[in-house]
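Encoded as structure tokens, the structure appears first; notes follow it.
The values are calculated or read from the model by the stated rules, or taken from the named source; none is laboratory data. What you see is a predicted model, and the numbers here were worked out from it, not measured in a lab. Cβ atoms come from the backbone with ideal geometry, glycine included; neighbour counts cover every protein chain shown. Areas reflect the complete protein model, heavy atoms only, side chains present, ligands, DNA and RNA absent. Shrake-Rupley method; radii C 1.70, N 1.55, O 1.52, S 1.80 Å.
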Amino acid sequence: RGSPLALAQARETKARLMAAHGYADGDIEIVVITTTGDRIRDRPLSEIGGKGLFTKEIEEALLNRGVDLAVHSAKDMPTVLPNGLVLAACLEREDPCDVFISRKARSLSDLARGASLGTASLRRQAIAKRARPDLRVLPLRGNVETRLRKLDEGHYDAIILAAAGLMRLGLAARIRTVLPAEFSLPAAGQGALG
């Protein structure tokens, strides 16, 4: 996929393959595939088919031999892969925790009553509403940079993202609070690249 995070993850995998197998830079080509999930940005994923919308076209390219391998965040992969595909490897897992980001508060508990919290994840929505039923939890789609820009423009008082994506993009300084796993259990596979 073409987002900065997807490209950073692809470049990291390419570098690891080059180092492990002695490939030259030109031996591995990164091919950008735009998915249905990338094209539909105005609705929550739960309304349009879920996380599989980010893998369907990539899986088809693999099955049709248009690409030899794909790199994807393990948390966003479907539980069951299509026949003929396997999860062949995972890189070392980055920090799997969720993080709180805000310019107005240091933590979820510090947000003003009725504040707006942006997240696309149903899991994160449920965790936030359980801890703070007064919050207005609003849907937030887009790549990491888009979500941060929407926060900076004042569309939300705070957002919750995965620590791993921010770290891979060199944006860890934006993290206000790491949400401990006891409070916000990370998604299965969060922080791992498959």
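Annotations
- Carbon/sulfur fraction of accessible area - the chain, other protein chains in place, 1.4 Å, %: 53
- Rolling a 1.4 Å probe over the protein heavy atoms gives the chain an accessible area of 55 Å² per residue.
- Of Arg147, Arg65, Arg103, the residue with the greatest mean-square motion in the GNM of the chain, using alpha carbon springs below 10 Å, is Arg65.
- Size estimate for the range 123-194 follows the Kirkwood approach: the inverse of mean 1/r over distinct Cα pairs works out to 13.4 Å.
- Placing unit charges on the Cβ atoms of the charged side chains and taking the dipole of the chain about its Cα centre, the candidate lying farthest along the positive direction among Ile159, Ser184, Ser109 is Ser109.
- Of Lys14/Lys56; Lys104/Lys129; Lys14/Lys150; Lys75/Lys150; Lys14/Lys75, pairs whose Cα-Cα distance is over 27 Å: Lys14/Lys150
- Residue among Gly66, Gly165, Gly84 with the largest mean-square fluctuation in a Gaussian network model of the chain, springs linking Cα atoms under 10 Å: Gly84
- Taking all protein chains together and a 1.4 Å probe, the residues Met167, Met77 rank Met167, Met77 from largest to smallest accessible area.
- Placing Lys150, Lys14 in order of accessible area, with the largest value first and a 1.4 Å probe, yields Lys150, Lys14.
- Computed per residue of the chain from DSSP H runs no shorter than four, each worth -39500 (n - 2.57), the mean residue ellipticity at 222 nm is -8500 deg cm²/dmol.
- Here the chain is treated with +1 on each Lys and Arg Cβ and -1 on each Asp and Glu Cβ, and its dipole about the Cα centre works out to around 860 debye.
- Relative contact order computed over the chain (Cα-Cα under 8 Å; 6+ residues apart), in percent: 29
- Springs join every pair of Cα atoms under 10 Å in this Gaussian network model of the chain, and among Lys56, Lys104, Lys75 the largest mean-square fluctuation is at Lys104.
- The distance separating the Cα centre of the range 1-29 from that of the range 138-167 comes to 26 Å.
- Calculated on the Cα set of the chain, radius of gyration then Dmax: 17.5, 56 Å.
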